[in-house]
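To start, the structure under review is shown below, and the notes come after it.
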Amino acid sequence: MKDYGFTILGFPSNQFGKQEPGENHEILATLKHVRPGNGFVPNFLLFQRGDVNGDTEQGVYTFLKNSCPPVGDSFENPTNRLFWEPLKINDIKWNFEKFLVGPDGKPVMRWFPRVPVSEVREDILKYIRQLFSQSTQQNID
């Protein structure tokens, strides 16, 4: 998808089950040597850890969540697993929730964390084809 100018960005958070407790400088080493381990190096840009929900959420998440409808209407089992307040319906529900942002900077789609990557990929390819089709049509007109 890089041929289309598509870039993946990763934003770690420790708000889901405290699964990212390390310091920012430890995140890559943890991925490489612990989980998933085996020398894993992400093939996407990885940013510093930050809050994605609650009173201390980063502004980019407020923007993303307000721009796309929520992926569900409840939290599966928030007891002792979600570390922010207040809980809101449009909050990011768990690790690996995904957003697609168009080339104009506007959020386009949002996926629940457990949606298969194959489905996300198909949605993205469909969106890219749609953009390409619109661009081609504008050049013809």
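Considering the stretch 53-75, the residues that are surrounded by fewer than 12 Cβ atoms within 10 Å (Cβ to Cβ) and not small (Gly, Ala, Ser) include one that is farthest from LEU9 (Cα to Cα), namely ASP73.
Okay, residues lined up against (1) under 21 Å from ARG114 (Cα atoms); (2) touching a strand residue (DSSP E or B) at 6+ places or on another chain (Cβ under 6 Å):
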position	(1), (2)
GLY5	no, no
ASN14	yes, no
GLU20	yes, no
THR30	no, no
PHE44	yes, yes
ASN53	yes, no
GLY59	no, no
ASP73	yes, no
LEU82	yes, no
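Only residues that are surrounded by 16 or more Cβ atoms within 10 Å (Cβ to Cβ) and either more than 15 Å from ASN95 (Cα to Cα) or in contact with a Leu (Cβ under 8 Å, 6 or more places away or on another chain) (or both) were counted across the stretch 32-52, and they come to 1. Cβ contacts < 8 Å: first residue touching a residue at least 60 places away in the same chain (Cβ under 8 Å) and part of a helix (DSSP H, G or I), restricted to the stretch 123-134; second residue among the charged types (D, E, K, R) and surrounded by 11 or more Cβ atoms within 10 Å (Cβ to Cβ), any location; separation 6+ or different chain. Result? No pair meets every condition.
Checked against (1) in a loop (DSSP other than H, G, I, E, B); (2) of a type outside the set (S, T, N, Q); (3) touching an Asp or Glu at 6+ places or on another chain (Cβ under 8 Å), ARG35 passes all but condition (3).
Identify the residue in the stretch 84-94 that is of a type outside the set (A, V, I, L, M, F, W, C) and surrounded by 15 or more Cβ atoms within 10 Å (Cβ to Cβ) and, among all such residues, is nearest to PRO116 (Cα to Cα).
Among those residues, the one meeting the criterion is LYS93.
Six or more apart or on different chains, Cβ under 6 Å: which pairs go from a residue in the stretch 80-95 that's farther than 15 Å from LEU64 by Cβ to one that's surrounded by 12 or more Cβ atoms within 10 Å (Cβ to Cβ) and among the polar types (S, T, N, Q)? Could you list them? Within 6 Å, the pairs are PHE83/GLN15; TRP84/GLN15; TRP84/ASN53.
Where a number appears in this text, it was derived from the coordinates with a stated rule and is not lab data. This structure is a prediction, so every number in the text was calculated from the model and none was measured. Ideal geometry is used to build each Cβ from the backbone, glycine not excepted, and the neighbour counts take in all protein chains shown.
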